[in-house]
Amino acid sequence: MATRLKSVDVVLVGFGWTASIMAQELTDAGLEVLALERGGDRRTVPDLATTRIQDELRYAVRQDMFQNSARETLTFRNNAGQTALPMRHLGSFLPGAGVGGGGVHWNGQTWRFLPSDFTLRSTVEQRYGKKFIPADMTIQDWGVTYEELEPYYDKFEYLCGISGTAGNIGGKIQPGGNPFEGARSRDYPLPPLERSLGTLKFDKAAREAGFNPFPAPAANTSRPYLNPLGVQMGQCTYCGYCEWFGCGNYSKASPQTTILPVLLKKENFSYRTGCNVTRVDLDPSGKRASGVTYIDLEGREFSQPAQLVILCAFAQHNVHLLLLSKIGKPYDPQSNTGVTGRNYAYQITSSVDVFVDEIMNPFMGAGALGQCIDEFNGDNFDHGPHGFIGGGYIALWNTGGRPILQHQLPDGTPKWGAGWKKALAENYLKSASIATHGGVMSYRGAYLDLDPTYRDIYGNPLLRMTFDFSQNEHDMSNFLTDKALLIAKAMGPRSVKINRREGHYSIVPYQTTHNTGGAVMGSDPRTSVVNRYLQCWDVHNVFVMGSSVFPQNAGYNPTGTVAALTYWAAHAIRTRYLADPGPLVQA
């Protein structure tokens, strides 16, 4: 029997970026807010101090900040004809655990999606015709526009102190920025990070190839910065320990460095760690949530009543919780009906390694120190001659040169021994990698559901993922890789190494943690779990945050859009829902 606790106004499931933003907004509205986090506590000091955090073996190899797959995992298969098996070790993606979530260990690449990304199906049909979309592709419009989200993108960028160069202010193209981005109301709060030799060589080569390179927008502060909440951030030291590491220098935006110093001082906010939420509790009607049930580290079960339940966990965890709680009709790929679990998507990546004669000093990097081109992202180019939908950016990132995992070796290098050591010594300082980062469309056969065989430590069915890359994505990725090769050759290298993403999707090697879908947003309850304000169609006092609401995946890193949507939803809750609780959109 679960122990019933004192009721709160709002319970947040998870305590990363989205929960921190939502908590700040709703406590400002006077609500009592409680966050439940399955992982442990984590503060900049002492947990992320530079005397301990720059440990590649502990954090990058042994994955200290990530989900423990021995306690919590999922099953995977490429298609419905296969038997799904549990992911025993984290591989393709790395869900975070602990206060701050993925916002602690991310690189800081902070993009805005293109205006056409939010109206993808309409854009494709209008430009190329309905027949251009494959029969099994289930892409859809989001139900919200870029113009509606622009103020909330801006709010997040100024919270974080994003370093960058605007490309479009008020519809006027700006020199040095991304000429393809949607119109923004003002420039970034900070200038771009200092350029590395690799990014300078990429910039020159891309211009020679006829492209428009620009510095990547980075949540790594190029200058000391005081954000709108009054939190002071320090200047980036280019230590090269951003990806999979926390920042002890207060120079990478995270909940710890932007919101928590203010939020944790509020009397109407609290949080608990070691709390694994197992279901959203519904009243007898099934149309309203009464709170959540969670289990603590000692195995004790608690019922936490709340007037408002907001799911702020990792994308797949949100979907798993919805399925376990029977919120939304589970998706059935055979009949193509139901919504919960529908439209799971991922991203597809490739790279071209470049080996040069100059010393590049790769160890002097930052999480989002990069030079990019956007000519082939979204609908920035004519897809008609190529026959695929989607696109992505091409960039040279200088994230660091950590000795265990961050190095490039030419084709023909031995896998071990003296020859491997010799090649590593010769190329470590004189190499770089050009990456492509492509979107993935949603398909009828790519989805999330409950596994019929495997269960977790609480006896609940594991989440089952069914996913594979399609021909559309392979064609698009190869197209991007060929463009990256053009830039690589223009850099005047002594050799290059092409790394295409070929064959079936594998859950084993790390690729990206950008999982999306399963609880998608939209204007039609027959094809979406949440409405345009991220409110569940079926249970009006449950809202879902994060990339699980993306109807398909664009060619960018998701955090900027995740944050903008969270601010958008928080505004709707504060200005509309609290005054008149109920559906914000009529089905």
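Note on Gln586 and Val61: the model spin-label points, each 7 Å out from Cα along the C-beta direction, lie 6.3 nm apart. Enclosing the Cα atoms of region 42-181 in their convex hull gives a volume equal to 190 cubic angstrom per residue.
For region 349-442, the normalised intensity computed at q = 0.13, 0.15, 0.17, 0.22 Å⁻¹ comes to -0.56, -0.69, -0.81, -1.07 (log10 of I(q)/I(0), Debye sum over alpha carbons, equal scatterers, no solvent). Shape of region 30-85 from the C-alpha gyration tensor: oblate (a/c of 1.5 or more and a/b not above b/c, with a ≥ b ≥ c the square roots of its eigenvalues). Applying a DSSP loop filter and a limit of 13 other Cβ atoms within 10 Å to the trypsin sites (Lys or Arg not before Pro) in region 253-351 leaves Lys265, Lys287, Arg300. Determine, at each q value in 0.18 (inverse angstroms), the log₁₀ of I(q)/I(0) that the Debye formula gives when each Cα of region 376-502 is one equal point scatterer. Values returned for q = 0.18 Å⁻¹ are -1.01. Count Lys and Arg as plus one, Asp and Glu as minus one, and take only other residues whose Cβ is under 10 Å from that of Leu462; the net charge is then -1. The gain in end-to-end length when the Lys489 to Leu297 segment is fully stretched comes to 63.7 nm, 0.36 nm per residue minus the alpha carbon separation.
Derived from the Cα gyration tensor, the three semi-axes of the equivalent ellipsoid of the chain are 36, 27, 25 Å, largest first.
On C-alpha positions alone, give me the angle between the axis of helix 417-427 and the longest principal axis of the chain, in degrees, nearest 10. On a 0 to 90 degree scale, this one is about 80. Going by a ≥ b ≥ c, the root eigenvalues of the Cα gyration tensor, does region 93-163 fall in the rounded group (a/c under 1.5), the prolate group (a/b larger than b/c) or the oblate group? Judged from the Cα gyration tensor, region 93-163 comes out oblate (a/c at least 1.5, b/c at or above a/b).
Cα gyration tensor of region 149-188, axes a ≥ b ≥ c as square roots of the eigenvalues: rounded (a/c below 1.5), prolate (a/b > b/c) or oblate? Oblate is the answer for region 149-188, as a/c is 1.5 or above yet b/c matches or exceeds a/b. At an R0 of 45 angstrom, the distance between the Cβ atoms of Glu147 and Gln232 translates into a FRET efficiency of 0.85.
Can you say what percent of the DSSP beta bridges in region 436-549, counting only those with both residues inside, are antiparallel? Round to 5. Beta bridges within region 436-549, antiparallel portion: roughly 90 percent.
Seen from Phe118, the other residues with C-beta closer than 14 Å to its C-beta sum to a net charge of -4, counting Lys and Arg as +1 and Asp and Glu as -1. Straight-line cross-link reach from Lys421 at under 22 Å between alpha-carbon atoms covers these lysines, not counting any fewer than eight positions away in the same chain: Lys430, Lys497.
In the structure shown, the pairs Lys172/Lys252; Lys287/Lys326; Lys131/Lys483 are assessed against 22 Å; a Cα-Cα span above that value is assigned to Lys172/Lys252; Lys131/Lys483.
Applying the Kirkwood pairwise sum to the alpha-carbon positions of region 432-490 produces a hydrodynamic radius of 14.5 angstrom. Ranking Ser290, Ser523 by solvent-accessible area of protein heavy atoms (1.4 Å probe, all protein chains present), from largest to smallest, gives Ser523, Ser290. Taking all protein chains as shown and a probe of 1.4 angstrom, Trp537 keeps an accessible surface of around 40 Å².
When DSSP beta bridges are restricted to pairs lying wholly in the chain, around 65% turn out antiparallel. Rg and Dmax over the alpha-carbon atoms of region 461-587 stand at 19.9, 66 Å. Placing a label point 7 Å from the Cα of Ala135 along the Cα-to-Cβ direction, no residue of region 381-408 has a backbone N closer than 18 Å.
The values are calculated or read from the model by the stated rules, or taken from the named source; none is laboratory data. Keep in mind that what you see is a predicted model, and the values were worked out from it rather than measured. Please note: Cβ atoms are built from the backbone with ideal geometry, for glycine as well, and neighbour counts cover all protein chains shown. Accessible surface is based on the protein model in full, side chains and every heavy atom, while ligands, DNA and RNA are left aside. Shrake-Rupley method; radii C 1.70, N 1.55, O 1.52, S 1.80 Å.
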